[in-house]
Ligand code: PMT
């Protein structure tokens, strides 16, 4: 028998799905980080990155996942750090991270960069970096060490959609102390459907009974309480991923009307590395409403040339669209902070 999927409100969701065991510890670290960045006068951006899983069993053997490797988030985090922002990098465990992403095990394996030089004195051989890779590595390593010394990067991990939603709520509430100096860059690919714990099989789902049917409920749209309750003054950037071009702009505008945040960055699955569109209200100060006309939103397309894939160019020399995305957001975030000063 078909039953209507339950539509959880955010409140009902948090009341019925348990928090991750490390939540309290994570919140305290974020609180300290936010406090220090505020004292030191830095803007802070929360970057969410990578995909969430949806477990199908309590003793989880199987889960649903999605394609995201976390490239957008990890790359953008690096550009925010370069621009002087402090970054809370909330990412899917084992997805790409700022700096180390340049040496991903599959595309640029780190061990391939190392040479073993025979020892001159008969003792232990010396490990050195292949000469052609040294300048790229030095640049990445210098940035990495500088960021660690300055204490401007804080990392949090999630795996399931539950972990993600609990963390997002807690972090956004903590960042509300920064007012307009906090930005939210929601690049994670968040599952739209989940299986409530109350309906999960305790043990591994057994085969041998023919077709498997699983009915999932809709994950509550978390942007609404984020904008209205958890962080009223944060500058909120959400992403919209589509595979059908005709849906990208209408869905981006629908999200702005529904949630009333500052900008949606639309991207097509296959062109996302070379083309994105910023969709935002023409009048950033006005409150958006669901009956607003589409003409009241503006589109700003960002494109970069498709890179040379011949292998003659070092990955480090290839232009990354995140550099331009972040540069555009820095301008918009500053204008938005200034706007509050002039209206207060
Ligand atoms: O990691 P890469 O391989 O580089 O890929 C990057 C990316 C394509 C994943 C990224 O650029 C992107 O588009 N991320 C958002 C994809 C997505 O989940 O879109 P959505 O339509 O499901 O959600 C749209 C927005 O609503 C998201 O910003 C999300 O924060 C928000 N949302 C989603 C689910 C939910 N329950 N509540 C929400 O508020």
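Quick note: the coordinates plus some simple rules give every number you see, no bench work behind them. Nothing here was measured: the structure is a model prediction, and the numbers come from that model. A quick note on method: Cβ atoms are made from the backbone with ideal geometry, for glycine too, and the neighbour counts reach across all protein chains shown.
Provide the FRET efficiency to the nearest 0.05 for the residue 246-residue 218 pair, computing r from the beta carbons and using R0 = 25 Å.
With R0 = 25 Å, the Cβ-Cβ based efficiency is 0.60.
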With no solvent term and unit scatterers on the alpha-carbon positions of the stretch 53-183, Debye gives log₁₀ I(q)/I(0) at q = 0.22 Å⁻¹ of -1.34
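Sort the stretch 160-233 into rounded, prolate or oblate with this rule: let a ≥ b ≥ c be the square roots of the eigenvalues of the Cα gyration tensor; rounded if a/c is under 1.5, and if a/c is not under 1.5, prolate when a/b is larger than b/c, oblate otherwise.
Working: a/c = 3.53, a/b = 3.21, b/c = 1.10.
Taking the square roots of the gyration eigenvalues as a ≥ b ≥ c, the stretch 160-233 is prolate.
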Determine the principal axes of the Cα atoms in the stretch 1-102, then give the extent along each, sorted from largest to smallest and rounded to whole angstroms. 57, 31, 25
Please build a GNM for the chain, connecting alpha carbons under 10 Å apart, and tell me which residue among 110, 33, 99 fluctuates the most. 110
Just to be sure I understand: of the beta bridges DSSP finds with both ends in the stretch 10-343, what percent are antiparallel, rounded to 5? 40
Can you give the convex hull volume per residue for the Cα atoms of the chain, as a whole number of Å³? 203
Each label sits 7 Å from Cα toward the beta-carbon; between residue 128 and residue 141 the label points are separated, in nm, by 1.3
Select from 150, 34, 254 the residue whose mean-square fluctuation is largest in a Gaussian network model of the chain (Cα-Cα springs shorter than 10 Å). 150
Per-residue Cβ neighbour rank within 10 angstrom, fewest leading, 144, 300, 85, 79: 300, 144, 79, 85
A chain fully extended from residue 197 to residue 229 at 0.36 nm per residue, minus the present Cα-Cα distance, gains in nm 8.9 nm
